[in-house]
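Everything on this sheet refers to the single structure shown next.
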Amino acid sequence: MPRKFTDSKLVVASHNAGKAREIVELLQAFPVKVVSAKDLNLPEPEETGLTYIDNAVLKAVAATKECGLPALADDSGMSVDALDGAPGIYSARWAPNKDFAVAMERVRREMAEKERATGLKNDRAQFNCCLALAWPDGHVEHFMGVLQGHLVFPPRGKNGFGYDPIFIPDGYDITCGEMTHDFKQTISHRALAFRQLVDTCFR
């Protein structure tokens, strides 16, 4: 049986300011005090998992072990069909010093190289997000959200973070980087995972 969340305090196990802010905002409707791993000076564990679920669970469990509080962790990234799913779980690592302009240019360059080699153009991509909620007794719940779309170059829009300026979700004609923050919060991969989390653990 899924476990209901009944605690009064929750740690967001992320040192990424953009992710932490989105999760805190998504939790505002619930009577729980939210603090971030950065606020508590928790160490960042090495992400050694091979999937989004592996890494989300790893981060949530590490945080709850450190502070003795329930912890919610996110692992997310962009998977590009033409690049066989890359950058995937390594999405952040493609951005040296968190410079996603470099990462987006690498995606563009590698997609162009693949198109030249195969003669096939494929701009399909997905944003993926796994949310893992861990309790101090070792129980963990996890939820996966996937937002389908395609890529566009050059990047468009100054909103959002990460790969948002090159990703257009299916059914829209603007990138996530051109969407308002509030609107993106209603359709994002993180929002999709969060709805499952809420329905399972907070309702």
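The values are calculated or read from the model by the stated rules, or taken from the named source; none is laboratory data. Only a predicted model underlies this, so the values are computations on that prediction, with no experimental measurement involved. Neighbour counts are summed over all protein chains in view; Cβ atoms, including those assigned to glycine, are modelled from backbone coordinates with ideal geometry. Areas reflect the complete protein model, heavy atoms only, side chains present, ligands, DNA and RNA absent. Shrake-Rupley method; radii C 1.70, N 1.55, O 1.52, S 1.80 Å.
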On the given criteria, is Gly77 closer than 17 Å to Cys130 by Cα, assigned to a loop (DSSP other than H, G, I, E, B), out of contact with any Leu (no Cβ under 6 Å at 6 or more places or on another chain) and not hydroxyl-bearing (Ser, Thr, Tyr)?
no
Answer with yes or no whether Gly162 is closer than 23 Å to Ala37 by Cβ, assigned to a loop (DSSP other than H, G, I, E, B) and touching a strand residue (DSSP E or B) at 6+ places or on another chain (Cβ under 8 Å).
yes
Can you tell which of Glu105, Glu110, Glu115 is touching a Lys or Arg at 6+ places or on another chain (Cβ under 6 Å), closer than 18 Å to Ala82 by Cβ and of a type in the set (Asp, Glu)?
Glu115
Could you tell me whether the stretch 179-194 includes any residue that is more than 15 Å from the chain's Cα centre (by Cα), more than 22 Å from Leu58 (Cα to Cα) and assigned to a strand (DSSP E or B)?
no
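Counting only residues that are of a type in the set (D, E, K, R) and buried (at least 24 other Cβ atoms within 10 Å of the Cβ), which one in the stretch 63-81 is nearest to Asp39 (Cα to Cα)? Before you say what the answer is, go through the steps one by one.
Our first condition is that a residue be of a type in the set (D, E, K, R); within the stretch 63-81, this holds for 65-66, 74-75, 81.
Adding the requirement that they be buried (at least 24 other Cβ atoms within 10 Å of the Cβ) leaves 74-75.
Working: Asp74: 17, Asp75: 19 Å.
Looking at residues that are of a type in the set (D, E, K, R) and buried (at least 24 other Cβ atoms within 10 Å of the Cβ), I get Asp74.
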Report whether or not Leu26 is among the aliphatic types (A, V, I, L, M) and surrounded by 20 or more Cβ atoms within 10 Å (Cβ to Cβ).
yes
Which one of Asp173, Asp182 is over 25 Å from Tyr90 (Cβ atoms), open to solvent by 10 Å² or more (accessible area, probe 1.4 Å) and modelled with pLDDT under 95?
Asp182
First in the stretch 114-130 and closer than 14 Å to Gly77 by Cα and of a type outside the set (S, T, N, Q), second anywhere and open to solvent by less than 80 Å² (accessible area, probe 1.4 Å) and in a loop (DSSP other than H, G, I, E, B), Cβ under 9 Å, 6 or more apart:
Ala125/Tyr163; Phe127/Gly162; Phe127/Tyr163; Phe127/Cys176; Phe127/Ser188; Cys129/Ser188; Cys130/Thr51
Determine whether the stretch 105-123 contains at least one residue that is open to solvent by 60 Å² or more (accessible area, probe 1.4 Å) and closer than 21 Å to Ser188 by Cα.
no
Only one of Leu50, Leu40 that is open to solvent by 40 Å² or more (accessible area, probe 1.4 Å), closer than 26 Å to Met111 by Cβ and either out of contact with any Leu (no Cβ under 8 Å at 6 or more places or on another chain) or assigned to a loop (DSSP other than H, G, I, E, B) (or both):
Leu50
